[in-house]
Structures are given as structure tokens and as C-alpha cells.
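Here is the structure we will look at, set down as C-alpha cells.
The values are calculated or read from the model by the stated rules, or taken from the named source; none is laboratory data. The shown structure was predicted, so the numbers you read here are calculated from the model rather than taken from an experiment. Neighbour counts run over all protein chains shown; Cβ positions are idealised from the backbone, glycine included. What goes into the accessible areas is simple: the full protein's heavy atoms, side chains included, and nothing from ligands, DNA or RNA. Shrake-Rupley method; radii C 1.70, N 1.55, O 1.52, S 1.80 Å.
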Amino acid sequence: MNDVRTPAPVEVRLTAAGSDDKPVLANLLQLYLHDFSEFQPLELSAHGTFDYRWLDSYFIGSDDREAYLITAAGRTAGFALARCDVEGDEGAWNISEFFVARRYRRRGVGREAARLLFQCHPGTWTLSYFHDNAPAARLWPGVADAESDGPVGRGEGQPPADSTGLRFHVPAR
């Protein structure tokens with residue numbers, strides 16, 4: 001008989017990333033993009049890395065883009081990128097990118113980091129995920145339902161066509 005144990009919960013923190021954290025975020029983006037290349041055709045550069053051309057925009061002192069590092073039990077566990085400059089989205093905050101390292105997945109780290117992120121900007125949030133991304137499809141609808149104080153709008157076939165978009169309101173707590 002297999003003894004399946006649920007890992008003990010860990011303390012999760014979400015910390016705003018400063019310019020000194022940019023190299024760490026750039027490294028984590030490589031892991032994220034590697035994982036993401038399973039769902040979207042991403043090409044490696046001639047240097048063997050993935051290109052993320054928007055990273056600098058999170059470090060120029062703008063109020064409409066924010067970068068965060070996620071830690072679990074005091075160790076780097078991932079990152080979140082959020083923005084409120086999505087055209088036609090009436091100032092809603094959007095999760096641009098969200099990554100939790102494999103070691104910390106399915107342990108509540110992503111769910112808690114998302115909750116902490118939403119509390120940074122109570123109000124309307126949007127996000128989207130690819131249908132084929134099973135971890136995201138498991139995580140995001142439940143998180144949105146748990147954090148929203150009203151109905152969660154779901155839009156199938158959001159650009160790109162093989163994704164689902166969620167729109168919901170997070171109350172101040």
C-alpha cells in the first residue's frame with residue numbers, strides 16, 4: 001500500500017521586486033517560459049534562452065506594472081507579474097505572468113500567492129490561461145471563485161482562441 005502524504009503547508013510571502021531582483025526574475029522567467037513552451041510555440045534564442053521582451057517595462061517606475069517574487073518557507077518559489085494597462089480593460093488589474101517552481105506546486109503556494117497579489121489591488125482582476133495547461137485550469141477558476149465577492153465572468157476562446165479568460169471583483173479585506 002502506498003503512503004500518500006500531503007505536504008505540510010508553508011509560509012508564503014509575496015514581495016515587490018526591485019531593480020536588484022531583476023536578475024532573479026530573469027532567471028525565473030527562463031523556467032516559466034520553458035514550462036510554457038509546452039502550450040505555445042516559443043523559440044530559443046541563438047544563446048539558448050527564451051526572450052521575454054517586456055521584463056524591463058516592470059522596472060521603469062511605472063504605476064501600471066508590478067513585479068513580485070514569491071517565497072515559500074523563506075525560499076524563492078516563483079514570481080507574479082501584474083499590470084493594469086491592458087487596452088480596453090477599464091483599468092482592471094491583469095495577471096500577465098504567474099509562475100511557481102515545480103517543487104512548490106500542489107502545496108497551496110500558488111493559491112496563497114495569488115490571494116496575496118489580489119489584495120495588493122482590491123477591485124476588478126482579469127487573467128487568462130490556455131485550455132491545455134492543466135495546472136492553470138485547475139488553479140485559476142477555483143482561486144477566482146474563492147477570492148471574488150460576486151460572479152466570475154468566463155470567456156472561452158479569448159485571444160488566443162484556445163484560452164479561457166476570467167474577470168472577477170476582489171473585495172478589500
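Of all residue pairs spaced 6 or more apart or on separate chains, those with beta-carbon atoms under 7 Å, a first member in the stretch 34-48 that is among the hydroxyl-bearing types (Ser, Thr, Tyr) and a second member that is open to solvent by 100 Å² or more (accessible area, probe 1.4 Å) are SER45/ASP51. In summary, strands (runs of 3 or more DSSP E) completely within the stretch 98-173 and bearing 3 or more residues that are within 25 Å of LEU55 (Cα to Cα) and open to solvent by less than 30 Å² (accessible area, probe 1.4 Å) occur at 123-130, 163-170. Restricting to the stretch 6-49, give me the number of residues that are among the acidic types (Asp, Glu) and in contact with a Leu (Cβ under 9 Å, 6 or more places away or on another chain). The qualifying residues number 1. For VAL86, the criteria (1) surrounded by fewer than 16 Cβ atoms within 10 Å (Cβ to Cβ); (2) closer than 23 Å to LEU25 by Cβ; (3) without any contact (Cβ under 8 Å) to a residue 12 or more places away in the chain; (4) of a type in the set (A, V, I, L, M) hold in every case but one, which is (3). Pairing each residue of the stretch 124-151 that is touching a residue at least 60 places away in the same chain (Cβ under 8 Å) with any residue that is polar (S, T, N, Q) and exposed (fewer than 15 other Cβ atoms within 10 Å of the Cβ), provided the two are 6+ apart or on different chains, yields C-beta distances under 8 Å for PHE130/GLN40.
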